Every structure is written in structure tokens, then in C-alpha cells.
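Here's the structure, in C-alpha cells; my notes come after.
The values are calculated or read from the model by the stated rules, or taken from the named source; none is laboratory data. Keep in mind that what you see is a predicted model, and the values were worked out from it rather than measured. Using ideal geometry, Cβ is built from the backbone for each residue, glycine included, and neighbour counts are taken over all protein chains shown. With ligands, DNA and RNA removed, areas are computed over all heavy atoms of the protein, side chains included. Shrake-Rupley method; radii C 1.70, N 1.55, O 1.52, S 1.80 Å.
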Amino acid sequence: MSRPRFSTWFALGVVAVLVCLLATAVWLGRETSPAGRTVLTLRLWDQQVAAAYRESLDAFTAANPDIEVRVDVVAYAGYFDSLRTDVAGGSADDIFWISNAYFAGYADSGRLLPIAPSPDWEPAVVDQFTRDQTLWGVPQLTDAGIALYYNAELLAQAGVDPADLDGLQWGTPGDSLRPLAMRLTVDAQGRRAGEPGFDPGRIRQWGYNAANDLQGIYLNFIGSAGGTFSADDRFTFDNPQAATAFDYLVALINTDHAAPPAAATNDNGDFSRNQFLAGRMALFQSGTYNLANVAQAPFEWGVAMLPRGPAGRVSVTNGIVAAGNSATKHPEATRRVLAWLGSTEGNSYLGAGGAAIPAVRSAQRVYHDYWAGRGVDVGPFFDVLDGPHLSAPGGTGFAAGFTALKPYFDEMFLGRLPVPRALQQAQEAANTAAAR
Amino acid sequence: MTSPRSWLVYLGLVVGAVITLAPFSLGLLTSVTSASQFATGSPLSWPDPPTLENYSGLAGFGFGRALVVTALMTAVILVGQLTFSVLAAYAFARLEFPGRDTLFWVYIATLMVPATVTVVPLYLMMAQLGLRNTFWALVLPFVFGSPYAIFLLREHFRAIPRDLERAARIDGANTLDVLVHVVLPSSRPILVTLALITVVTQWNSFMWPLVITSGSQWRVLTVATAGLQSQYNAQWTLVMAATTIAIVPLLVLFLAFQRHITRSIVVTGLK
């Protein structure tokens, strides 16, 4: 018998390498599915909250040994792209987080399980995710309202009492926000905005964070001016009240120079927050979603109420729900998990670390306790919702419409497109894109 | 003495080097800067003190597994692409069979179809086969060679003198012997070029893994890096640590095969 040739050994070697690599892949992909258990998956986009969910779901499995829930974290940047393909392909998770901006399309196409509302759930979140009189998800988190973070040291240097911040108003004869923001804006020579010789090209400290920021800034201004941003799946921001709000913001940036230029903030949502954390911004209007970041600030800080506008103090509020996949292979088990996630016990895990506010009201105590333990009064974020408030916008085609309006808003905040023309063109473009 | 013209050339090269290296240096610098310093200081400030917390922080995001999955995916596709492309290219270059050239040009014509156009049909195929979110879905569309690789190899194989092959056949060599003993040894530069192109392409691939996988089980480096950016936090220090790690294997490859890369630019006309 002749010996195999080198070329045969060579070919066998290539095949062996391929087999070894594939065997490694098989080993990596081995499933550790426990016998007799129904395994469900929950998809969300936040790593920090995922850890809290794992604790909550471990407690659920301890009480319900026949069900195991695995948490699947997908980055926010691609979350809704991959969710769409997975839902369309019938391979989405049994339960997934969904936001107000995207849920309408899924609800309308019958992709979500209807949910019976509970009186213990945050009403604003229930309203946000109710469409055609049906609730389409179990409220999980709420952002509460928007408030004003302040740098106590910079206020002291300007001789401002933090208690006065709660009385701030804009767009009224007694406008106090603009003069204060200018007083808190300082150039490299130490001159304040509005003083003779003030150099707007060399500012070392900003007064306020007026910017092209939907949730933190302009929705609150529109609401406080009595205007609307959207209604019934259509963009409606081309109205006189919204124009008043945008005029005020654009002037703060480009005329008064009391806020960073739009060139720095239009495409960098972190810019204002980082300026505040660096001690280069006195007032930073934002939500609880930035509380954990602000808590790391190396200076004394506090939280004050949102400034009042011509129509009062109207904050935006937002929420996230856990939606049940209507195509799940385990509808009964999915409903049991959803019921747990909407319970006080199941939901309270999410607030224990102070990073997120549970949307089950009886579970919110842990969040308040966490921040009270650190000496932070989070009251202004909640008190602002006692009055009228706006829900974060959403609806069919919202995401496409919002993408379409951005270039017009960018130009408007840069001061290159007059506010009335920008609003008119942006609304037209947004509604056209949303209708496609 | 160095002429003024040489000085200008050197100046141009130095400027080119600075422009090329600056983004990498900034990335490296950011990766050893603490998140709080990055948020409060200038992006160009020197890390004070330098920290490895961003690198250790990556472990919490499943970055180690993503590294293994990416390496495995790249290795499988590399072995598959080289093997199947060599076999196909040799068949198109040397074997005689009816319709050979028509088949070849039809296959090459698929080069004109943009990759993005095939994403949806490929996704549907994988979903129907039940392969979504599996390792097989990551590698199957690319493991059986590519028109570009086959075209490149076929042209090279055709340039190898037939007399060499005939001499081997007279010595009793079969087709596999000819391939292993004659064709492959004389095609080393083009094979290295192809290997490098394949490794770089697959190591950096983002679109297909993003679409076909979900969750952490088969997440690749690029998708994991994108995943570091949350809704309200860009986490640039973590992202820069991740990209620094992701680029190391490519740098090693570049240093090891610099000569071949330079040559590959000549061979393929790629820049």
C-alpha cells in the first residue's frame, strides 16, 4: 500500500483546522437549558438596569421555579433597528423594552400583548403607552420631570441665592431667566455677559444650557409657552407659542451668548453636561437620567424647579414599558413574568441603585430613599409633575419625522435659519417623512 | 547634502504621518483617561493619572467573549475563503468544462451587487433556516469564497506557466498535487494579500453581525463597541479602550506582513 501523498495530508490538514474551529464554535454556543423549565428572554438597552433586572428575575424564578428569564442587552444605538428585524422575522424576545417614540407601529400591527392597567402604575406612563383605549406594555421606568441642576459655588460667586431659582420665569414681563443666565456667563477677562467689553468669542463659564435638546430643553419650553410639539401622530410645532419658545432659546444662544453655541451642542448631547461637570456652567436643565452623572460633580450642587413660562411650569415626562411579544411561544409564562415586573416587589429592584425611577408608584420609595441617603433632594423632578405636563412625543412615523426635522432645527439653533421659516419647513419635512 | 526638495518631501511625509497617527494617539490617550477627567477636562489633556479602569471595565460588557467570537468568525471565514476561492479559481483558470467562462463572468457580475442590497434576502434565508442569532449565520454568507478573491486568484493562476504543471504531471502528480506543489507556492504573495483583505474585512464587519445576531452570545467586537454607548452616555473612554483593543491584532498583522501589504498594493491596485 502506498503512503498518502503530501498534498493529501495538506488537504486533510486544512479540513482538520476547519473542523477544530467549528467545534470551538459549537462549544461556545452550547446551551445550558435547565430541564423542565420554560426559558423566556427579556430584551432591554441599559446595562445598569439589566443588573437590577437580573436580581428581580432571580427572585421571580425562586418563587416560580418552572420559569427562567434571561436578560438580553442590546445597545440603544441599534436597539430599534434590530428589534424591527427580529419582530418581523418572528424571532424577537418574549418581552422587550420599548419607548414611546417607537411603540405605536408595533401596537398598530398587533405585535404586542394588550395589558390590563393597574392603578398603582405611573399615570403619565400609562397614558403614553395607551393607544385606542388599550395599554400596550407594563410600565417599568419613568424619567419623572425636568428640573434645574445648579453649581452652588458659581451661584455664590455671582451673589445668587439658590432659593431664588425656584421663582425663575421666562417669556413674561418679569423675565428673570435671561438676566440671570447672562449674569452667570463670564468671559476670559472675568466680564459678565451684557457688560461693556464682554467677549463672546472667549467665554470661560456658561450661564445656562439652552440647546437643541428635545427632552431636556425645548419640549419644556414649548409646553411652558402653551404650545404643542405633536398631536395624533402629526408634528404640530409650527404654532405661535412654540415659536415664542424657540425664539427665546435661539436668542439666549446667539444674541445673549448665555448658552454654548449650537455648533458645540447640535451633535454632541454630552457637551452641556460635561461643561457643568467641569464647573464651567452654572445652570444645567435636565432630568433624572443625568442624576447619577451629576452626583460625581466635584463641587457643591443642588436641584431647583424648572423655570416657569408664559403658560406656567410645564415639564415633559417620559417612560419605558416592558412589552409582551404577541408571537411568543409561551404566552402564559410571559404574562406571569409581566405581572411580576409590574408588581411593587418586582419593580422596586430597578430603583434600588438610584439609576432609574420605578414606574410602579409603590416601588418608588427605594429611589427616594437612595438619594435621600446621599443628601440629594429629588423633589423638584417629581413636584413639577403635580401641575400640567407633556408626554414625550411618539406615534407612527415619529422616528422618521424626527430625523427629518433635525437639519432644520440645527440651522435654527445655529441662528442661520429664522425661527418661523425653520418651524414651517421642519414641520412639513417631518410630517412628510412620518407619513411614508 | 540634503537638497531642499528632499526636505520638502520629508516635511510632507512627517505631516502625513502626524495626520495618520493623531487619531490613534488620541484614542490611546482617551482610553487611559478616567471618565470623570474626560468629562470635566479638555479632550486633549494628559491623563492624570493614567488609568486602566476603562480596559478592566470592558469585562463587564462581555467584551472578552466578543473578542473570542470575532477571532473565531474571522478564522473560519479566512480558512473557508482561501480554500474555496483557490479551488474555484483553479477550476476557472485551468480545468476545461462546458460553459466555464460564461459561469465565471456571471459569477463575477455579482460583484456589481452592493452588499447592502443582499442583507434583507440573506436575513430572510437565515431566519427561514432557523439560523438567526447563530454562529453559522455569521459565517455562512462569506465562508465559500468571494467573487473578488476568485477573480484575483484566477488571473494569477493563469499567469503561471503551463509547462510547470505539465512537468509535474509527467512526474505523476494529480490535480491536488499540482495545486499544492506548484500553484500555491508560486502564489504566496497573492494569497497573503487575500488573507489580509479577508481578515481586515471580517474583523471590522458590523452591518451583517448587527442584523443577524442579538444578545451577547454571538456579539462581535464592532457591535459590542457600538453597544458601549447608552441612551444618555456616550462613554467615550470605554469606546476608545474597546477600539484600542480591537485594533491591536490588525496592527500586529500589519507589522508582520508589511512587505506583503506594500506588494499587495502593487498586485491588486488597492490603496
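Figure legend: label point modelled 7 angstrom from the Cα of A:ALA152 along Cα→Cβ; residues of segment A:370-387 with amide N under 14 Å from it are A:374-378. The separation of segment A:288-307 from segment B:130-206, counted between C-alpha centres, amounts to 59 Å.
When you restrict to C-alpha pairs under 8 Å that are six or more residues apart and normalise by the size of segment A:249-347, the relative contact order lands at 10 percent. Pairs of alpha carbons in segment A:82-193 separated by more than 23 Å make up 55% of all such pairs. Between A:GLU300 and A:ARG5, the contour length at 0.36 nm per residue exceeds the Cα-Cα span by 98.3 nm. Ligands, DNA and RNA left out, the accessible area of the protein assembly as shown computed with a 1.4 Å probe is 61% carbon and sulfur.
Rg/Rh for the protein assembly as shown to two decimals, with Rh computed the Kirkwood way over all alpha-carbon pairs. Spell out each step's value before the answer.
On the way: Rg = 30.2 Å, Rh = 29.1 Å.
Reported Rg/Rh, Kirkwood definition of Rh: 1.04.
Using the beta-carbon distance between A:ARG192 and B:TYR10 and R0 = 45 Å, what value does 1/(1 + (r/R0)^6) give for FRET efficiency, to the nearest 0.05? Don't skip to the end; give the middle numbers.
Values: r = 50 Å, r/R0 = 1.11.
Calculated value: 0.35.
Roughly speaking, what is the stretch gain from A:GLU345 to A:ARG84, that is 0.36 nm per residue apart minus the C-alpha to C-alpha distance, in nm to one decimal?
Working: separation 261, 0.36 × 261 = 93.96 nm, distance 3.10 nm.
Stretched out fully, the A:GLU345 to A:ARG84 stretch lengthens by 90.9 nm.
If you take every residue apart from A:ALA59 with its C-beta less than 14 Å away from the C-beta of A:ALA59, what net charge results, scoring Lys and Arg +1 and Asp and Glu -1? It would help to have the intermediate numbers written out before the result.
Numbers: positive: A:ARG54, A:ARG336; negative: A:GLU55, A:ASP58, A:GLU68, A:GLU345.
For residues surrounding A:ALA59, the net value is -2.
Sort chain B into rounded, prolate or oblate with this rule: let a ≥ b ≥ c be the square roots of the eigenvalues of the Cα gyration tensor; rounded if a/c is under 1.5, and if a/c is not under 1.5, prolate when a/b is larger than b/c, oblate otherwise. Note, shape of chain B comes out oblate.
Based on DSSP H assignment, which helices of chain B show an axial Cα extent of at least 24 Å together with a mean Kyte-Doolittle hydropathy greater than or equal to -1.0? TM-like helix candidates: B:4-31, B:63-94, B:236-256. For A:TRP301, the residues whose modelled amide H falls within less than 5 Å of its own, excluding neighbours fewer than 5 places apart on the same chain, are A:ALA152.
Chain A packed on chain B takes about 3300 Å² of accessible surface away from a 1.4 Å probe, both sides summed. Spin-label model, B:PHE144/A:ARG202: points 7 Å from Cα along the beta carbon direction are separated by 6.8 nm. Largest GNM mean-square fluctuation among A:GLN285, A:GLN133, A:GLN425, using chain A with Cα springs under 10 Å: A:GLN133. Label point of A:LEU18 set 7 angstrom out along Cα-Cβ; within segment B:89-131, amide nitrogens under 16 Å from it belong to B:89-91.
Only Lys, Arg, Asp and Glu count, each charged at its Cβ (+1, +1, -1, -1), so figure out the dipole size of the protein assembly as shown about its Cα centre, rounded to 20 debye.
On the way: 46 positive and 52 negative charges, 603 e Å.
Using Cβ point charges on Lys, Arg, Asp and Glu, the protein assembly as shown gives about 2900 debye.
Rounded if a/c is under 1.5, else prolate if a/b is larger than b/c, else oblate: which is segment B:1-124, with a ≥ b ≥ c the root eigenvalues of its Cα gyration tensor? It comes out oblate by the Cα gyration axes.
On average over all directions, what projected area in square nanometres does segment A:329-436 have, based on the convex hull of its Cα atoms? If you wrap the Cα atoms of segment A:329-436 in a convex hull and average its projections, you get 11.4 nm².
In the full protein context, segment A:296-436 carries 42 Å² of accessible surface per residue, based on a 1.4 Å probe and ignoring ligands, DNA and RNA.
Using the heavy atoms of the protein chains and a 1.4 angstrom probe, tell me the accessible area per residue for segment B:128-271 in square angstrom. It would help to have the intermediate numbers written out before the result.
Values: 6950 Å² over 144 residues.
Roughly 48 Å² per residue, with all protein chains present.
Of the residues B:PHE61, B:THR40, B:TRP105, the one whose Cα sits farthest toward the positive end of the charge dipole of segment B:40-170, with +1 on the Cβ of Lys and Arg and -1 on the Cβ of Asp and Glu, is B:TRP105.
Loop only by DSSP, 12 or fewer other Cβ within 10 Å of the Cβ. Give me the trypsin sites (Lys or Arg not before Pro) in segment A:354-427 that pass, ordered by residue number.
On the way: sites: A:ARG361, A:ARG365, A:ARG374, A:ARG416, A:ARG421; in loops: A:ARG374, A:ARG416.
Qualifying residues, ordered by number: A:ARG374, A:ARG416.
Could you give the nm distance between label points at B:ASP163 and A:ASP127, where each point is 7 Å from its Cα heading toward the beta carbon? Rounded to a tenth, the inter-label distance reads 9.0 nm. Proximity of backbone amide H atoms, modeled 1.01 Å from N, is registered between A:GLU68 and A:THR38, A:VAL39, A:LEU40 at under 5 Å, excluding neighbours fewer than 5 places apart on the same chain. Remark: spin-label model distance B:ALA256-A:GLN48 equals 4.1 nm, labels positioned 7 Å along the Cα→Cβ axis. In whole angstrom, how far apart do the alpha carbon centroids of segment B:28-98 and segment A:91-155 sit? The distance from the Cα centre of segment B:28-98 to that of segment A:91-155 comes to 36 Å. Computed 3J(HN,Hα) for segment A:143-153, one whole-Hz value per residue from the Karplus formula 6.51 cos²θ - 1.76 cosθ + 1.60 where θ = phi - 60°, is 8, 6, x, 9, 9, 10, 7, 10, 8, 4, 5, glycine and proline marked x. The solvent-accessible area of B:MET207, taken with every protein chain present and a 1.4 Å probe, is close to 100 Å².
Using the Cβ-Cβ distance between A:ASP267 and B:LEU26 with R0 set to 22 Å, the FRET efficiency works out to roughly 0.80.
The calculated FRET efficiency for the pair B:LEU124 and A:ASP386, based on their C-beta separation and a Förster distance of 45 Å, comes to about 0.35. Close amide H partners of A:SER230, meaning residues 5 or more places away or on another chain with modelled amide H under 5 Å apart, are A:THR236. Membrane-span-like helices in chain A, defined purely by DSSP H runs whose alpha carbon atoms cover 18 Å or more axially and whose average Kyte-Doolittle hydropathy reaches 0.5, are A:6-28, A:240-254, A:398-414. The alpha carbon gyration tensor of segment B:66-122 gives principal lengths a ≥ b ≥ c with a/c of 1.5 or higher and a/b no greater than b/c, which makes the shape oblate.
Taking every DSSP helix (H) stretch of at least 4 residues in the protein assembly as shown, weighting each as -39,500 (n - 2.57) and dividing the sum by the residue count yields a mean residue ellipticity at 222 nm of -15500 deg cm²/dmol.
Of all the options A:PRO358, A:PRO162, A:PRO393, the one that moves most in a Gaussian network model of chain A with Cα springs shorter than 10 angstrom is A:PRO162.
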